Amino acid sequence: MKEYDHKKIEKKWQLEWNKKQIYKTLNKGKKMYVLDMFPYPSGVGLHVGHPRGYIGSDIYARMKRMEGFNVLHPMGYDAFGLPAEQYALEHKIHPQKAVEENVKTFERQLSIIGLSYDWSRKVNTTDPKYYKWTQWIFLQIYNSWFDKTKNKARNIKDLIYIFEKNGNKKVNAVCNNNVEIFTSKQWNLYSKKEKQDILMNYRLAYEGYSEVNWCPKMGTVLANDEIINDEFGNPVSERGGYPVLKKSMRQWFMRITAYADRLLAGLDSLEWSDHIKEIQKNWIGKSEGSEIGFRVVIADQLGKDIIDSNFIKVFTTRADTIFGATYVVLAPENLLVEKLKSKINNWAEVEKYIQDIKNKTDEDRTKNDKEKTGVELKGIKAINPANNEEVPIWIADYVLASYGTGAVMEVPKQDERDMDFAIRFGLPIMDEPLVDSIEITKKVSGKMVTKYKMRDAIFARQRYWGEPIPLKHDKDGIITEVNLKKLPLLLPKVKSYDSTGTGESPLAGVKSWVKDGYETNTMPGWAGSSWYFLRYMDPINTKEFASKKAIDYWKNVDMYVGGAEHATGHLLYSRFWNNFLYDIDCVSFKEPFKKMKNIGMVLATDGRKMSKRWGNVINPDEIVKNYGADTLRVYEMFMGPFEQSLPWSTESIIGSRRFLEKVWRIGAKFANDFSRSGSSSSLVRGPEKLFANEAIFQTLLHKTIKKVSEDIENFAFNTAISSMMILVNEMEKLENISIKDFKMFLKILAPFAPHMTEEIWQNLNENNSINKSVWPKWDKNKIQDEMLKIAVQVNGKVRSEILISKDIKEEEIKILVFKDKNVINWVGGKEIKRFIYVPGRVINIVV
RNA sequence: GCCCGAGUGGCGGAACUGGUAUACGCGCACGACUUAAAAUCGUGUCUCGUAAGGGAUGUGGGUUCGAUUCCCACCUCGGGCACCA
């Protein structure tokens, strides 16, 4: 064996592994599903930070393979979305073409790192064979409603049946807020369109409207972060500075809120970092409280006429403070405001306020530090049901229509925000005793309810590059589904990917598409990524998204690796879809990702994010060329804790390279012995030196095997590598280790440096890949040191050290300790108050 | 504002469940090999002190025989939410 020539070695083994398909996944054996979050293949190529997570999961997958698991470790692409569309616009090519180019770049960069994916299972969300099933799942969701009693999704046919049977009796289902549910007629008497509209309030995928930021000049919809304020505080587009308005747009929604409770409860069963669980928990935002009705009356009128049946329903988590409630505030959008119009004396003022609100951006409206605004609804009052006091009614934009009931009771004494508002508008402030929440709720005929902050998710984009939504609208507004047999509904060719200027998707400009009545919105980016982990199980199935057999075998992902930035997006949506698929018996498990590790970011040397803009990007190709893939892999794992963001340092990489070179040199010595003697007779050199250190070395070796095994299991790769460094430093000094021991070490290094260890391995007359060898087991009897060094403290300060054998008794230790010179010195003749011995660790003498 | 998390040498970081703080690596210094350099190897490297010894894990307190680890307050940084009643 000669020099460590990483270029030659890495190329050679990558070709060989490919040829022999050693990472091909079978469908039998003890299963282990190790998954990376699939990337969005962008045009700019990778920087050294991107592969870091892939390297970690690769090491894990490799160890699991060696431990005898049948490992599924695939890779694919999430390739629908805006960047590809914009890239296509700029370069005047089809987005599909852009995706293909980007995938190519990505795979070239990834292939040189030596990741052990089974590429035969590759998926791509933009492939019609894939998005056929995204569309199929969408239709299942569309055709479902959520039964609160059973706490699961059911087919919409069941709901129709209930309506037919029970007429207008209430159904315990999750449905839209503030919508008049049918109550007036028998189900059968409704028209087709009316039935459709009623059902739309229950479907888990439903059509609705939402306000978007609309820039008339640009003719596009803008995201919140694409909007800034001009010098007068008016919202304008970041690019160009054109005015931005609110516009109500037709959208599709997913009723994820139906699953709020299950998504929250499911977190307990997941082995995720507490951090991510916490973020999801806060996002779901469960709070328990009371719904209480405040009667509305005409102000200053004797007898206090009740205005028909109107109640202001407020939601509060502090019903106990109700005696201190001195006014109520409604959201300006609360439907009750419009209803009470005729009783409100200052309607002009109220209407103006509501209008002003509409022209504000969400960001403006919800800014915490701005002064509170509001208008009193004059001429009417509310009755506090606890004490029958008449209290004023206000509307204010800080009360949100979308949360709770869109109305709150205000208790200035108990709440800082209420206090601000009360002081600003001179509203009464009263100090009243607290009562029991549950009792008072009952007493005032309110009810205990649970609310969630989470909102339904918009499931539509007014863009071209996404999955078509497989629905048709006819001229009477009747929606029909695209027949399952006709899926996939292919994305049509368009002349221009530019927006239409009306805010609609470019699909609205395709004549035949519109003529056929197809939905012009496309699915959002998260559609395809919400179920891709299921497709890897059976990626070329044309009959089902994956066979029952494959799903039952692979089940959930065992280890999921990716960025923490998906905490409230992808990770919530895919849990939602998986729960849904569980309800309709398509999968046998509720939670898709049992364990998860979140990769930290690699920052540039300057501590900033790597970005073209800062010119601080490090290209992995360069590093692989100069130092080798194995060195890159070891260094990226050695940098620091896997989940932590760390600054890159090309200066420090040399340490990882030196470590591998040391291993190489030891390997070379063994290999040279082979070539000289042609046999294994000289495996153990210098036997005379061997035995003095043999036991100590054995202990170190087995401790290292144990540590590396456990550290890989926990994704603590940095400490695994440091323990191997210690072992190698020791091996280098000893120079008389057995080849058997050295091979054990090579195996635990193999997941980190697969190419180099393979080369050494096969030079040692092994014919099968080290990556398919059996993971070494540590010997329990060997990991215990024979002799232990114990620190001796006097009054908590280390004063001496003693060497004891591992089975020594406390009594014997005492005798030993008090013979120690240093101890005698420090203890002197003083009285011993306490003698503390922590076995194997420390002795503390208190005088 | 609220909710999480983190602060350890010149730098990245290590430390099991409260038990010798600074492992491992980078850098730096000196030495060996070399005509020389690189590479490699060896030694040293928290701080004050000649030493004995003292002081250091963001700051200040507390609990304990013993605290980077537990508790309280504060400071700084990072993340999440953001008028959620």
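Data overview
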item	result
Residues located in region A:264-285, provided they are within 9 Å of RNA strand B (Cβ to nearest atom) and in contact with a Phe, Trp or Tyr (Cβ under 9 Å, 6 or more places away or on another chain)	A:GLN280, A:GLY285
Filter result (among the β-branched types (Val, Ile, Thr) and either within 14 Å of the chain's Cα centre (by Cα) or on the phi > 0 side of the Ramachandran plot (or both)) within region A:260-300	A:ILE276, A:ILE279, A:ILE284
Residue in region A:101-118 that is in contact (Cβ under 8 Å) with a residue 12 or more places away in the chain, under 18 Å from A:THR522 (Cβ atoms) and buried (at least 22 other Cβ atoms within 10 Å of the Cβ) present	no
Meets criteria (out of contact with any Lys or Arg (no Cβ under 8 Å at 6 or more places or on another chain), among the acidic types (Asp, Glu) and modelled with pLDDT under 95) for A:ASP431	no
Residue check for A:MET537: in contact with a strand residue (DSSP E or B) (Cβ under 9 Å, 6 or more places away or on another chain), part of a loop (DSSP other than H, G, I, E, B) and within 30 Å of A:PHE642 (Cβ to Cβ)	yes
Complete set of residues in region A:565-591 that are within 17 Å of A:PHE138 (Cβ to Cβ), of a type in the set (A, V, I, L, M) and outside any helix (DSSP H, G or I)	A:ILE584, A:VAL587
Residues within region A:229-277 that are touching a Cys at 6+ places or on another chain (Cβ under 7 Å) and among the polar types (S, T, N, Q), tallied	1
In region A:788-847, the residues that are farther than 30 Å from A:ALA695 by Cα, out of contact with any strand residue (DSSP E or B) (no Cβ under 9 Å at 6 or more places or on another chain) and not basic (Lys, Arg)	A:ILE824, A:GLY828, A:GLY829, A:GLU831
Count of residues meeting criterion [within 7 Å of RNA strand B (Cβ to nearest atom) and not small (Gly, Ala, Ser)] in region A:384-404	5
Unmet criterion (only one of (1) more than 44 Å from the chain's Cα centre (by Cα); (2) surrounded by fewer than 18 Cβ atoms within 10 Å (Cβ to Cβ)) for A:TYR403	(1)
Test: residue in region A:696-704 that is within 26 Å of A:GLU622 (Cβ to Cβ), at pLDDT 90 or above and buried (at least 19 other Cβ atoms within 10 Å of the Cβ)	no
Meets criteria (farther than 19 Å from A:TRP272 by Cα, within 16 Å of RNA strand B (Cβ to nearest atom) and outside any helix (DSSP H, G or I)) for A:GLY562	no
Those residues of region A:810-826 which are loosely packed, with under 12 Cβ neighbours inside 10 Å and farther than 16 Å from A:ARG841 by Cβ, in sequence order	A:GLU811, A:ILE815, A:LYS819, A:LYS821, A:ASN825
One residue from A:GLU519, A:GLU544, A:GLU504 being crowded, with 21+ Cβ neighbours inside 10 Å, charged (D, E, K, R) and farther than 28 Å from A:LYS597 by Cα	A:GLU519
Options A:HIS73, A:HIS50, A:HIS94; residue that is modelled with pLDDT of 95 or more and out of contact with any His (no Cβ under 9 Å at 6 or more places or on another chain)	A:HIS73
Total residues in region A:15-25, condition charged (D, E, K, R) and part of a loop (DSSP other than H, G, I, E, B)	1
Odd one out for A:TYR582 among (1) crowded, with 23+ Cβ neighbours inside 10 Å; (2) free of Cβ contacts under 8 Å to residues at least 40 places away in the same chain	(1)
Matching residues, region A:581-616, being under 21 Å from A:SER656 (Cα atoms) and among the aliphatic types (A, V, I, L, M)	A:ILE599, A:MET601, A:VAL602, A:LEU603, A:ALA604
Among (1) modelled with pLDDT of 90 or more; (2) crowded, with 17+ Cβ neighbours inside 10 Å; (3) in a helix (DSSP H, G or I), the one test that A:PHE642 misses	(3)
Residue match in region A:26-41 (condition: part of a helix (DSSP H, G or I), closer than 26 Å to A:TYR560 by Cα and of a type outside the set (Val, Ile, Thr))	no
Tabulated pairs, region A:311-338, first in contact (Cβ under 8 Å) with a residue 40 or more places away in the chain, second basic (Lys, Arg) and away from RNA strand B (no atom under 11 Å from the Cβ), C-beta under 7 angstrom, 6+ apart or interchain	A:GLY324/A:LYS413
Filter result for the condition that a residue is over 30 Å from A:TYR837 (Cα atoms), away from RNA strand B (no atom under 15 Å from the Cβ) and in contact (Cβ under 8 Å) with a residue 40 or more places away in the chain, over A:ILE737, A:ILE705	A:ILE737
Filtered residues of region A:423-437 (kept if away from RNA strand B (no atom under 13 Å from the Cβ) and without any contact (Cβ under 8 Å) to a residue 60 or more places away in the chain)	A:ILE423, A:PHE425, A:GLY426
Flag if A:GLY503 is over 16 Å from A:LYS122 (Cβ atoms), at pLDDT below 95, more than 16 Å from RNA strand B (Cβ to nearest atom) and not hydroxyl-bearing (Ser, Thr, Tyr)	yes
Conditions (1) within 13 Å of RNA strand B (Cβ to nearest atom); (2) surrounded by fewer than 17 Cβ atoms within 10 Å (Cβ to Cβ); (3) not in a helix (DSSP H, G or I): number failed by A:ASP420	(3)
Region A:406-417, subset assigned to a loop (DSSP other than H, G, I, E, B) and buried (at least 22 other Cβ atoms within 10 Å of the Cβ), residue farthest from RNA strand B (Cβ to nearest atom)	A:PRO412
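Conditions tested, residue by residue: (1) in a strand (DSSP E or B); (2) touching a Gly at 6+ places or on another chain (Cβ under 7 Å); (3) small (Gly, Ala, Ser).
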residue	(1), (2), (3)
A:GLN196	no, no, no
A:SER210	yes, no, yes
A:VAL221	yes, yes, no
A:GLU231	no, no, no
A:ARG239	no, no, no
A:LEU264	no, no, no
A:LEU267	no, no, no
A:GLU278	no, no, no
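The values are calculated or read from the model by the stated rules, or taken from the named source; none is laboratory data. Owing to the predicted nature of the structure, the values given are computational and were not obtained by experimental measurement. Every residue, glycine as well, gets a Cβ built from its backbone with ideal geometry; the counts of neighbours run over all protein chains shown.
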